[in-house]
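The values are calculated or read from the model by the stated rules, or taken from the named source; none is laboratory data. Predicted model, so just to flag it, every value in this text is computed and none were measured. Cβ: placed from backbone, ideal geometry, glycine included. Neighbour counts: every protein chain shown.
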Amino acid sequence: MNSALLLLIIPLLSAILIHFLLQQKMASIAAILGTIGTLVTLGISLSLLSSDAVGCSFNWAQIGDFNVNIGIQLDQLSKGMMVVVTGIGLLVHVFSLGYMKDDESKARYFGNLSLFMFSMTGIVLADNFVMMFIFWELVGLSSYLLIGHWYQKDSAADAAKKAFLSNRVGDFGFLIGILMIWGITGSIVFDQMALSAATPFLGAAVLLVFCGAIGKSAQLPLHVWLPDAMEGPTPVSALIHAATMVAAGVYMMARFFFSIGFDVIPDCSAVTIAWIGGITSLAAALMATQQDDIKKILAYSTLSQLGYMVMAVGLVDPNAGMFHLYTHAWFKALLFLGSGAVIYACHHEQNIWKMGGLFKKMPITGITFVIGTLCLTAVPFTSGFFSKEGILHAAHESNPALFYIAVAVAALTTFYMFRLLFIAFFGKAKDEHAAHAKEVPLVMAVPLLILGLMSLASPWIGKAIPALNDFHPHIGLEMNSVTIASIAAFVVGLAAAVVFYKGKESDPLANNKVMQLFRNKFYVDEAYAILIKIFQDLVAAIVHFIDEFFINGLLVGGLTRIAQGTGNLFRNHCQSGRLQGYATLLGLGAIVIIYIVTFL
Amino acid sequence: MQTASLTEYLFMSGLLFAIGLAGVIIRRNIIVIFMCLEMMLAAAALTLIAFSRYHTVNGLPDYDGQMLMFFIITVAAAEVAVGLAIIVALYRARQTVNTEDLTSLKG
């Protein structure tokens, strides 16, 4: 049996076992089972890295001469991505053993994590668009289940619903895009999609496929679900909403671009994609500067970094995007798990203004968090620096405007991350809980340490980088305009953070009108609420009219009224009770019968 | 002596029947209606006799119809007795024999 198949089967089995057999009664076994399953899949992923195993394919559905296969594609892109998914998956499982220790539905949590691992593996290994779409929906489902893990809280249930619906909007375009690609290339299998010429039709198809990525990778204008998704447990945010699932959009676009070939991608679609990525990146970074919730800051930061990756894809340099996805997965998972540790230590306090001084009390969390921050803010010789440099290079070469946006985002990133560091980890404790915070237990500290190590080491593990066409990342410091801009952005951001936030007790910018705009996320949610209200009211009014007038009034009511009216007519005029009336009818009837018998 | 032909008999019978039916439909007094009904019965009996008279078997008129006629008259007499009894009972119950006032069959 193909060992890659085990990657799919193990998490599926684990999910089934946990959900149907173990359940809450054997929650501890469920947790261990899920963790061991992920450990095995990580082992398989690592062994696949150096092997030259090929994929396999089963016929799943056949309609005429159209085949849908459940197939596995093994190349550097999928192998590397599998290491990211299973590696971070394992660390998140281990972290969850501590974080979710006393949760009252721990088994459901681990069952859903296994379901997610299964779905995400399916996306990564899929060798055709239909299979990818199926698993695409499955990750949406598991994301929904995990965001809504604490469904007793209204905000969690609402966030889960919002995530699912926003994704649905994007997936609608994705599905049409897949059908159009099938129409153009005559195949849904990635290997058979290579095209020789670009057409305007292809441009539309590319953009529609990108709609799926807009939903899943939370790009403008469907970004609204990701910050709300932070209602889920923090390890879930680390795994799904930072490292893997939200990056699936970028992965899918990279896979798609490699399949059809870079030369045929129409410029206009590529530029649109790049600009959507750039604008998302900038808007999210601006919003992140004024958030008070530690997870929200990281969520907006994720949005912003995803914008970077999408921008790289749009600049037709998917390898740069995938490299950033790879490094970002490690350090963003680290930051999220770090924030989880902080939240755990502060008794589920998420407001950074009620923290402070945590660095000394939680040294492991503090040091790893600083490492994550340095990677995210692209300090030279960290992983983030190398991968961001690749994207900046791509932008510098083909689109100067986007290059400046990217540099501005880099400065903003440094600004908001150091704001978070200064307020939450340094200075004085601003709250009871923060003052008595203790270092987290070993089961949570070890994943942090491993992730910290991986954040620094990841660029040098070249074999694990998910990219194609013999990609060799540029690793080294070489003074040119791009690196200088990158370092300058870091310095500016750091300086601003020091000036505004070092040792502050409350936000000095909170009353600034512009900052309030950022704090309120550009009022996008409110605008959507109004838009939806108008639309909904309009549709509801139309539907109400049709229901009341046509269906109720004419169809249902009309039929009964006809029957009733006819009945009344006969009742009042024939069934009159007058003997003469009956006699007349009798006579008339006799005459009619005689007439018929005699003359017809 | 000039005897009436079959057509004249049948015309007479039809006329009687029509007059009876008109009476049943138009009149309101239930006794008059009852009398009209008897007239319709008589019209039917007249038809029977006429056919009987003009239907020959072995050169002689067929008297079976005229035989039947006596039975009809006998039964009609009994029926009149029952009908009048019903009318008397009705009058006792309702103090009226006017059909305008007897509409309890109205739906």
Next item on the list: Tell me which residues, restricted to the range A:341-391, are among the small types (Gly, Ala, Ser), farther than 27 Å from A:Met322 by Cα, assigned to a helix (DSSP H, G or I) and in contact (Cβ under 8 Å) with a residue 60 or more places away in the chain.
Entry: A:Ala341, A:Ala345
Next item on the list: Tell me which residues, restricted to the range A:469-519, are aliphatic (A, V, I, L, M) and in contact with a helix residue (DSSP H, G or I) (Cβ under 6 Å, 6 or more places away or on another chain).
Entry: A:Ile475, A:Val482, A:Ala485, A:Ala489, A:Val492, A:Leu494, A:Ala496, A:Ala497, A:Leu509
Notebook entry, point to check: If we keep just the residues of the range A:574-600 that are modelled with pLDDT of 85 or more and surrounded by fewer than 10 Cβ atoms within 10 Å (Cβ to Cβ), which is nearest to the other protein chains (Cβ to nearest Cβ)?
Noted result: A:Thr598
Check: Does B:Val75 satisfy being assigned to a helix (DSSP H, G or I), within 14 Å of chain A (Cβ to nearest Cβ) and closer than 30 Å to B:Asn98 by Cβ?
Finding: no
Item checked: Members of the range B:78-101 that are closer than 20 Å to B:Glu38 by Cβ and within 14 Å of another protein chain (Cβ to nearest Cβ) -> B:Gly83, B:Ile86, B:Ile87, B:Leu90, B:Val97, B:Asn98, B:Thr99
Checklist line | Top-ranked residue of the range B:1-53 - restricted to ones that are farther than 18 Å from B:Asn98 by Cα and assigned to a loop (DSSP other than H, G, I, E, B), ranked as nearest to the other protein chains (Cβ to nearest Cβ) | finding: B:Ser5
Check: When you look at A:Arg571, is it under 20 Å from B:Ile26 (Cα atoms), within 14 Å of chain B (Cβ to nearest Cβ) and charged (D, E, K, R), yes or no?
Finding: no
Margin query: One residue is enough: does the range A:211-234 have a residue meeting the conditions over 20 Å from A:Ala159 (Cα atoms) and at pLDDT 90 or above?
Written below: yes
Margin query: Going through A:Ala457, A:Ala437, A:Ala497, A:Ala489 one at a time, which residue ends up being surrounded by fewer than 16 Cβ atoms within 10 Å (Cβ to Cβ) and at negative phi?
Written below: A:Ala457
Item checked: Checklist (1) over 18 Å from A:Ile181 (Cα atoms); (2) part of a helix (DSSP H, G or I) applied to A:Asp103, failing item -> (2)
Notebook entry, point to check: Is it true that some residue in the range A:532-544 is on the phi < 0 side of the Ramachandran plot, more than 41 Å from the chain's Cα centre (by Cα) and surrounded by 10 or more Cβ atoms within 10 Å (Cβ to Cβ)?
Noted result: no
Notebook entry, point to check: Any idea which of (1) over 15 Å from the mean Cα position of the chain (by Cα); (2) small (Gly, Ala, Ser); (3) surrounded by 15 or more Cβ atoms within 10 Å (Cβ to Cβ); (4) within 14 Å of another protein chain (Cβ to nearest Cβ) is the one B:Ser104 doesn't satisfy?
Noted result: (3)
Check: Which condition number does A:Lys361 fail, the rest of (1) among the charged types (D, E, K, R); (2) surrounded by fewer than 20 Cβ atoms within 10 Å (Cβ to Cβ); (3) more than 24 Å from A:Leu453 (Cβ to Cβ) being met?
Finding: (3)
Note to self: Quick check on B:Met69: is it within 22 Å of the chain's Cα centre (by Cα), hydrophobic (A, V, I, L, M, F, W, C), away from chain A (no Cβ under 12 Å) and over 21 Å from A:Leu586 (Cβ atoms)?
What the structure shows: yes
Margin query: I'd like the full set of residues that are more than 25 Å from the chain's Cα centre (by Cα) and small (Gly, Ala, Ser), limited to the range A:395-407.
Written below: A:Ser398, A:Ala401
Checklist line | In the range A:326-372, the residues that are at positive phi and in contact with a His (Cβ under 7 Å, 6 or more places away or on another chain) | finding: A:His347
Next item on the list: Out of A:Gly215, A:Gly170, A:Gly203, A:Gly177, report the one residue that is part of a helix (DSSP H, G or I), more than 21 Å from the chain's Cα centre (by Cα) and within 19 Å of A:Met252 (Cβ to Cβ).
Entry: A:Gly203
